[in-house]
1. Taking Lys304 as the anchor, which aspartates and glutamates have their alpha carbon closer than 16 Å to its alpha carbon, excluding any fewer than eight residues away along the same chain?
2. So, in Å, what gap is there between the alpha-carbon centers of region 94-166 and region 315-350?
3. So what are the ³J(HN,Hα) numbers for region 53-70, from phi and the Karplus equation (6.51, -1.76, 1.60; θ = phi - 60°), rounded to whole Hz, Gly and Pro as x?
4. How much of the accessible area of the chain, in percent, comes from carbon and sulfur atoms when a 1.4 Å probe is used?
5. What aspartates and glutamates could a cross-link reach from Lys72, if we take a straight Cα to Cα line under 12 Å and drop same-chain neighbours fewer than 8 places away?
6. Contour minus end-to-end for Glu104 and Glu227, with contour as 0.36 nm per residue of separation and end-to-end as the Cα-Cα distance?
7. Can you compute the FRET efficiency between Lys46 and Lys150 using 1/(1 + (r/R0)^6), with r the Cβ-Cβ distance and R0 = 45 Å? Round to the nearest 0.05.
8. Can you compute the charge dipole magnitude of region 103-243 about its Cα centre, using +1 on each Lys and Arg Cβ and -1 on each Asp and Glu Cβ, nothing else charged? Give it in debye, rounded to the nearest 20.
Amino acid sequence: MPSNLSRRRFLPTVAAAGAAGIAMPHVARAQAKTITVSCYGGAYEKFFREQLIPPFQKQTGATVKLALGVAKDNIPLMRASGVDNPALDVCMTNEVIAEILRTEGFFTPIPEDKVPNLKDVTPVARYPDNIAVTGMFQPVGIAYRTDLVKKPVDSWHDFFERPDLKSKLGVYNITNSLGFMFVLLMARVYGGSEANYEAAFNQIAKLKPFNQVDFSGTMEIQLSRGEVEVAPLDFAAVIRLSKGGMDIGAKIPPEGLVAFDQVFNVSKGSKSKDLAFAWVDYILSPPVQQKLVAGFYVSPTNMKTVIPPDLASNPLLLTGDKLGAIVRHDWATANRKRDQMVDQWNRMMT
């Protein structure tokens, strides 16, 4: 999760998206129970409590409880409770986290007959054997201050190789999930494979000195102050900052995008699996996806989602086939190398 997202102001436009009715799979009220789902704090918690949970509870007669925290909190939470008695029925988290828990056997496949909206999800958001599904994306491209950088920054090669951008760039520390994804993507661009992270490190080191941050909110502040003029930034943040009056633009690099993702996983040991599947189907339903778009400027994964009119023409709100530009990482391999990569980053970039 981009750590600044939980602190974002809750947008009033979300109310307009809530006008549409939301169809959910039938969950017999006599069988309805309680489910616990993970959620971030701040604007996310407000959105879930005010916009998502009440209609679901009314339809199902169930109770939805929230387990609040950041993405990485899900690992100790689930490990402490165990596979057979999980603390979460539905775990919403980033794939870098989900992969770890999945490998440890916490999750179960999501059946299409119980989650019918799954069939309308864009291919890049689906998983083999339906072991999980991505409910929303925040694609990350190259953001730049349009009042300070006169020539658009069109590609990752521009980012690294244009002399006029030297000392104006912002980069995330590898301990930030975006920083980790950035290294993996640059390994592909400059090394031919994300396994060749040495090539990425060597290329990034050429940018020194650069502004290095460990928090997306800090990058936004540095952009607002002009301390950084060009940086990787999620498009949801770019849209929000632009609407707030900042002279900021962004480009979709032809070499590919990384993205913050919210991956939904159902616990194998859940005692309320049908209700958990119903919650996932609800999240994937076009009306709820529309609410997410209006509230957070995320890119929806259900291809039948109707984009609110004020956002429909925005090129940074990616939908459908355009989401194919997102690079999905081999997190199983990357996570095994993470400590080694962090050590090398600290030696080379600090």
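The values are calculated or read from the model by the stated rules, or taken from the named source; none is laboratory data. For clarity, every value in this text was computed on a predicted model and none was experimentally measured. For neighbour counting, all protein chains shown are included, and Cβ atoms are generated from backbone atoms with ideal geometry for every residue, glycine included. Calculation scope for accessible area: heavy atoms of the full protein, side chains included, ligands and nucleic acids excluded. Shrake-Rupley method; radii C 1.70, N 1.55, O 1.52, S 1.80 Å.
1. Asp120, Asp281, Asp321
2. 9 Å
3. Residue by residue, region 53-70 yields 5, x, x, 5, 5, 5, 6, 9, x, 8, 10, 10, 9, 9, 9, 8, x, 8 Hz.
4. 51 percent
5. Within the straight-line limit of under 12 Å, Lys72 reaches these aspartates and glutamates: Glu95, Glu99.
6. 40.0 nm
7. 0.70
8. With Lys and Arg at +1 and Asp and Glu at -1, about 500 debye.
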